[in-house]
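The values are calculated or read from the model by the stated rules, or taken from the named source; none is laboratory data. This structure is a prediction, so every number in the text was calculated from the model and none was measured. Reconstructed Cβ throughout: ideal geometry from the backbone, glycine too, with neighbour counts over all protein chains shown.
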Amino acid sequence: MKTALYTNLQKKIIVVTLVVSLAPLFILGAMMYYQFARIYTIYTGEEIKNRARSQAESVDLFLKERTAILSAMADTHSFEDITNEKNLAHIFNVMNSRAGAFVDLGVIDEQGIHRAYVGPYKLKGLNYYKQPWFAEVISRGVYISDVYLGFRQLPHFIIAVSRQEEDKLWILRATIDPAIFGQIVRSAQFGKTGDAYIVNEDSVFQTNSRFNGKILSECRIDTKLFGGHTTLIEKEDNGKKLLYAGSRLKNVKWLLIISQEPAEQMSGLMVARNIEILIIFAGILAIVIATVFTSRLTINRLKQADTRMNKLNAQLVQSDKLAALGKMAAGVAHEINNPLAVIMQKTGWMKDLLEEEEFKESENYEEYNDSINKIEEHAERAGKVIHNMLGYARKMEPHLEDVNINETINQTISLLNNYARNNNIEIRTELNDNLPVIASDQARLQQVFMNLISNAIDAIGKNGIINVNSKCKDSDVIIEIKDNGPGIPVEEQKKVFEPFFTTKQAGKGTGLGLWICYTIVEKLGGTLGLSSKTGKGTSITVKIPIVIPEKK
């Protein structure tokens, strides 16, 4: 029942600790990830918008530079000079050396006839009067066309400027290299999912798109979704979420669009998320391990404390029983003393009767006499046993008296002989006859010897030998009590003199015997030592200082 109680308590401690510990961790982790994801999303959108704005400015600058150099060439040369193809070729080389990206250069008169041309195509003499861009150049003075096929049937766009020279109007026209222009636009794309392209007002591609279409094909993106400034929109395309940033060019009615999958742009966030998950998981694992370890440690200590408490309770009950038994034994001993006194009195009277003449002449005189002697002998023996038991059980204040150590040992052994014989244990003595009589407390010494010898009997259990020796050494009387029992393990030897420590089975010992012996011997000025080897028995050495009694 207690095991189930401890198990439930441990589970509750683990659950409560984990909830209290992990809930803030999860909440903090979720909040951090949410805030970081929100900030990163905003950052991603702003980053794409900035790229679109920056690239639109770069394209605007590209077109503006080429328009400016073309206007400069037209303003600094006359129609007669510029229609000279040698001069036109020189101008073309200067333009490409200064700015580059020009494919060809041509001069067109007011009737739309190509009067001079430098470039890879045969366009001299062609009439552009009906081309849409011709009228635009005449009316505006400067014109950048959309991409168209024209006479060469290849996608291209032109920059053209018109010049009024006295009564003559003419146009200087240049074709921009679509490969270089497309490369400038595509330089804004990023990563594996990035795309950058230009569309006109009719949503027609002016440059190739990486994923959405080729030049002059129709774009699926509605250009009306993008305002006059750089605009960011989000759309689903084939189940994937895409961010589109559009920025309108200033010098031509084109829209530069940059698209990007935010998932790729947010790869840094994914790395941070994975690190955060790893850290949180490591934290959870550490918390779980620490919680389980501490809860088990706490429960084990509670179990140990409960076990010690139960042992203490059992020992107190046992001590109370022993105290009651001691009182009862003392009472019984006193009660037995009275019949023994009567028996001894009657045996004396019977002896006196046998001395009379009429009994001496009886045939059974010897038998009567032997019987009376045996009765007297056994009554004296019983009286001696009771006297020794009363001396041990009697609670007396400590006081010094003349003590014969050997006699005290023999009295103690006489009380325990029957107990030892019942367990087939022999108590052997080797007592030095020259031991001096010392001033000590006999009752307390008898209590020490009683505890030590009875402990030896209990340790052996059955079939063994106990050797009790006494001798003098220097200024001490040394008593050694040695048994051939199982011995005491090394790790337990330091605890044997602690109160309530016992090597006996539960309920068979209080754990107070050796502690009491140690305390008594210490108060008498002596020492108590222990030597034991597992499987070879235990030896207890009692050292009592020799104190010569005062002369009486």
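Listing for the model above:
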{"read-out": "Looking only at segment 200-218, and only at residues there that are touching a Phe, Trp or Tyr at 6+ places or on another chain (Cβ under 7 Å) and of a type in the set (Gly, Ala, Ser), the one that is nearest to Ile257 (Cα to Cα)", "value": "Ser209"}
{"read-out": "Residues of segment 474-501 satisfying the condition of being part of a strand (DSSP E or B) and among the aliphatic types (A, V, I, L, M)", "value": "Val477, Ile478, Ile479, Ile481"}
{"read-out": "Residues of segment 272-295 that turn out to be under 15 Å from Val19 (Cα atoms) and of a type outside the set (A, V, I, L, M, F, W, C), as a count", "value": "3"}
{"read-out": "Boolean, Gly119 is surrounded by 13 or more Cβ atoms within 10 Å (Cβ to Cβ), more than 60 Å from the chain's Cα centre (by Cα) and modelled with pLDDT under 90", "value": "no"}
{"read-out": "Exclusive hit being among the aromatic types (Phe, Trp, Tyr) and either part of a loop (DSSP other than H, G, I, E, B) or over 20 Å from Gly100 (Cα atoms) (or both), set Phe151, Phe157", "value": "Phe151"}
{"read-out": "Breaking point among (1) surrounded by fewer than 17 Cβ atoms within 10 Å (Cβ to Cβ); (2) modelled with pLDDT under 90, for Gly150", "value": "(1)"}
{"read-out": "Residues being buried (at least 17 other Cβ atoms within 10 Å of the Cβ) and more than 30 Å from Pro262 (Cα to Cα) - total across segment 46-82", "value": "11"}
{"read-out": "Conditions (1) at pLDDT 90 or above; (2) over 60 Å from the mean Cα position of the chain (by Cα); (3) of a type in the set (Gly, Ala, Ser): number failed by Ser58", "value": "(2)"}
{"read-out": "Residue, nearest to the chain's Cα centre (by Cα), within segment 401-452, restricted to residues that are of a type in the set (D, E, K, R) and within 16 Å of Asn469 (Cα to Cα)", "value": "Glu426"}
{"read-out": "Residue within segment 193-206 that is closer than 30 Å to Glu47 by Cβ, at pLDDT below 90 and polar (S, T, N, Q) present", "value": "yes"}
{"read-out": "Scan of segment 110-148 for residues that are part of a strand (DSSP E or B), of a type in the set (Phe, Trp, Tyr) and in contact with a His (Cβ under 9 Å, 6 or more places away or on another chain), ordered by number", "value": "Tyr148"}
{"read-out": "Subset of segment 235-255 [basic (Lys, Arg) and under 57 Å from the mean Cα position of the chain (by Cα)]", "value": "Lys235, Lys240, Lys241, Arg248"}
{"read-out": "Flag if Ser187 is in contact with a Cys (Cβ under 8 Å, 6 or more places away or on another chain), surrounded by fewer than 17 Cβ atoms within 10 Å (Cβ to Cβ), modelled with pLDDT of 90 or more and of a type in the set (Ser, Thr, Tyr)", "value": "no"}
{"read-out": "Contacts under 6 angstrom Cβ, first residue in segment 473-485 being of a type in the set (Lys, Arg), partner surrounded by fewer than 22 Cβ atoms within 10 Å (Cβ to Cβ), 6 or more apart", "value": "Lys482/Asn467; Lys482/Ser539"}
{"read-out": "Qualifying positions in segment 21-45 - of a type in the set (A, V, I, L, M), surrounded by 11 or more Cβ atoms within 10 Å (Cβ to Cβ) and free of Cβ contacts under 8 Å to residues at least 24 places away in the same chain", "value": "Leu28, Ala30, Ile39"}
{"read-out": "Flag for Glu261 being more than 26 Å from Phe157 (Cβ to Cβ) and assigned by TED's automatic domain parsing to the domain that holds Gln153", "value": "yes"}
{"read-out": "Matching residues in segment 501-537 - criterion: being β-branched (Val, Ile, Thr) and at pLDDT below 85", "value": "Thr502, Thr503, Thr510, Ile516"}
{"read-out": "Hits in segment 222-240 (condition: surrounded by fewer than 13 Cβ atoms within 10 Å (Cβ to Cβ) and at pLDDT 85 or above)", "value": "Asp222, Lys224, Leu225, Glu234"}
{"read-out": "Odd one out for Leu415, checked against (1) surrounded by fewer than 18 Cβ atoms within 10 Å (Cβ to Cβ); (2) hydrophobic (A, V, I, L, M, F, W, C); (3) modelled with pLDDT under 85", "value": "(1)"}
{"read-out": "Residue within segment 420-438 that is over 25 Å from Ile544 (Cα atoms), acidic (Asp, Glu) and in a helix (DSSP H, G or I) present", "value": "no"}
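Here's the yes/no breakdown for (1) more than 30 Å from Asp195 (Cα to Cα); (2) among the charged types (D, E, K, R); (3) in contact with a helix residue (DSSP H, G or I) (Cβ under 9 Å, 6 or more places away or on another chain):
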residue: Val16; (1), (2), (3): yes, no, no
residue: Val19; (1), (2), (3): yes, no, no
residue: Ala30; (1), (2), (3): yes, no, no
residue: Tyr40; (1), (2), (3): no, no, yes
residue: Glu47; (1), (2), (3): no, yes, yes
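Rundown of residues vs (1) hydroxyl-bearing (Ser, Thr, Tyr); (2) in the same structural domain as Asp177 (by TED's automatic domain parsing); (3) surrounded by 13 or more Cβ atoms within 10 Å (Cβ to Cβ), yes/no style:
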position: Lys214; (1), (2), (3): no, yes, no
position: Arg220; (1), (2), (3): no, yes, no
position: Leu243; (1), (2), (3): no, yes, yes
position: Trp254; (1), (2), (3): no, yes, yes
position: Ile275; (1), (2), (3): no, no, no
position: Phe293; (1), (2), (3): no, no, no
position: Leu302; (1), (2), (3): no, no, yes
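Residue-wise test of (1) within 21 Å of the chain's Cα centre (by Cα); (2) at pLDDT 85 or above; (3) aromatic (Phe, Trp, Tyr).
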{"residue": "Ile257", "(1), (2), (3)": "no, yes, no"}
{"residue": "Ala263", "(1), (2), (3)": "no, no, no"}
{"residue": "Glu276", "(1), (2), (3)": "yes, no, no"}
{"residue": "Val288", "(1), (2), (3)": "yes, yes, no"}
{"residue": "Asp306", "(1), (2), (3)": "no, no, no"}
{"residue": "Met309", "(1), (2), (3)": "no, no, no"}
{"residue": "Ala314", "(1), (2), (3)": "no, no, no"}
{"residue": "Ala329", "(1), (2), (3)": "no, no, no"}
{"residue": "His334", "(1), (2), (3)": "no, no, no"}
